[in-house]
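Structure first, commentary second.
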Amino acid sequence: MSGRPLVSILTPSFNREDLVAETLDSVLAQTWPHWEMLVVDDGSTDGTRDVVAAYAARDSRVKLFDRTWQPKGACACRNEGVSMCDGDYVMFLDTDDIIEPFCLENRVKAMEAEPDLDFAIFPGLMFADTPNDLGLWWNIDKPEDELTRQFRGDAIAQGTGVLWRKESFERIGMWDLELMLWQDIELFLRAYIQGYRYRKFFDLPPDLHNRINTKSNTTGLSRGNFFDVEKQVSRVRVAKQAAAMLRQNGKQHRLNELRYMVAEIAIGAARSGRMRLALPFLFWAFREDAISTSETLRIAAVIGLYVGRMTRFAPFRRWAEALQRPFAGIGTIGQVPVTTPVTTKAGTPS
């Protein structure tokens, strides 16, 4: 290995005083000692800052900051942390997740062995209260390429499961601060479409325990309801940017893979009563060759059934479900049982 590269861990925080200590303990337990952890607080009103400050007083590698970037939200916290960090590599870690003691060491060794990589993807597990209590993978490898999987809602990568070279993450443009959701989706669409170099290291043991949602912060990092109009607009923006990038990068032949996102966005907008968003977006997708004529008519029929409230009646509801079936996602995130032994922190199979 060349030198002793520093890993910067970027952690947004908001009202996690009950969980953040577990996350911090997992970082302090790392076998790779060359790290710094920048916790950027998003205006916590509980004791989160006090907990983090106590750790920072014990170990100078832990640093606490208050978010000054706008708008409020996790991605602004992450980007602000990147702007201040000194690492050769950057990794994002949420305040309710846990990493294995070998996490940083394995990730750094993997990246150092292949210096042409911009980022690397690592396996993780889901949990509720204690690591691996659900016996589920967060992600698994498949024969399909990662762009296809991203379009189908079957992502193999999310923010925490990746180690980035800092230079590469800055070059790609960091997190999009204008989006209200789908930030991970949009980031990795940029990476895959624009040809950023990466590799999956699924031959390594899982090093991340990703906690299922334990509470909803309606005024904090999550920034409101999933069906808010701003979030609907964010979905549209992600799809349109993806189409533009495909054309810019000579990948027009893959535009029709957007049909899964198009159906989800257009039908979701109609179901939430936003026809002024649903139909113009559907027609945009048709003009962009993201959906065919038959697919456009199929989605339009579903929209009509929801707008007319016909899905209250079983025959029409079954018809709507049948029309949507070709666009159904095939994601397996957090659904695949662990069928192979997983090494725990104690070093024994679970």
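The values are calculated or read from the model by the stated rules, or taken from the named source; none is laboratory data. Only a predicted model underlies this, so the values are computations on that prediction, with no experimental measurement involved. Neighbour counts run over all protein chains shown; Cβ positions are idealised from the backbone, glycine included.
Rundown of residues vs (1) at positive phi; (2) within 16 Å of the chain's Cα centre (by Cα); (3) of a type in the set (A, V, I, L, M, F, W, C); (4) surrounded by fewer than 15 Cβ atoms within 10 Å (Cβ to Cβ), yes/no style:
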residue	(1), (2), (3), (4)
130	no, no, no, yes
133	no, no, no, yes
142	no, no, no, yes
175	no, yes, yes, no
180	no, yes, yes, no
184	no, yes, no, no
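From the list 28, 10, pick out the single residue that is in contact with a Lys or Arg (Cβ under 7 Å, 6 or more places away or on another chain) and either surrounded by 16 or more Cβ atoms within 10 Å (Cβ to Cβ) or in the same structural domain as residue 174 (by TED's automatic domain parsing) (or both).
Values: 28 fails: in contact with a Lys or Arg (Cβ under 7 Å, 6 or more places away or on another chain).
Residue meeting the stated conditions: 10.
Every condition in (1) without any contact (Cβ under 8 Å) to a residue 60 or more places away in the chain; (2) surrounded by fewer than 21 Cβ atoms within 10 Å (Cβ to Cβ); (3) among the β-branched types (Val, Ile, Thr) is met by residue 62 except one, and the failing one is (2). State whether one or more residues within segment 91-105 are within 25 Å of residue 131 (Cβ to Cβ) and free of Cβ contacts under 8 Å to residues at least 40 places away in the same chain. The answer is no; no qualifying residue exists. When residue 226 is tested against (1) assigned to a helix (DSSP H, G or I); (2) at pLDDT below 95, just one condition goes unmet, and that condition is (1). What's the number of the condition residue 102 fails, among (1) surrounded by fewer than 21 Cβ atoms within 10 Å (Cβ to Cβ); (2) in contact with a helix residue (DSSP H, G or I) (Cβ under 8 Å, 6 or more places away or on another chain); (3) modelled with pLDDT of 95 or more? Looking at each condition in turn, residue 102 falls short on (2). Would you point out which residue out of 125, 204, 177, 163 is modelled with pLDDT of 95 or more, closer than 29 Å to residue 19 by Cβ and out of contact with any Phe, Trp or Tyr (no Cβ under 7 Å at 6 or more places or on another chain)? The unique qualifying residue is 177. Looking across segment 278-320 at every residue that is free of Cβ contacts under 8 Å to residues at least 40 places away in the same chain and within 20 Å of residue 241 (Cβ to Cβ), the one that is surrounded by the fewest Cβ atoms within 10 Å (Cβ to Cβ) is identified as 287. Checking residue 329 against (1) in a loop (DSSP other than H, G, I, E, B); (2) at pLDDT 95 or above, which single condition isn't satisfied? The one condition residue 329 does not meet is (2).
With respect to the conditions (1) part of a loop (DSSP other than H, G, I, E, B); (2) touching a residue at least 40 places away in the same chain (Cβ under 8 Å), residue 273 falls short on a single one, namely (2). For segment 37-54, the candidate set comprises residues that are more than 24 Å from residue 89 (Cβ to Cβ) and under 24 Å from the mean Cα position of the chain (by Cα); within that set, the residue that is surrounded by the fewest Cβ atoms within 10 Å (Cβ to Cβ) is 43.
Residue 170: surrounded by fewer than 20 Cβ atoms within 10 Å (Cβ to Cβ), under 24 Å from residue 225 (Cβ atoms) and not polar (S, T, N, Q), yes or no? No.
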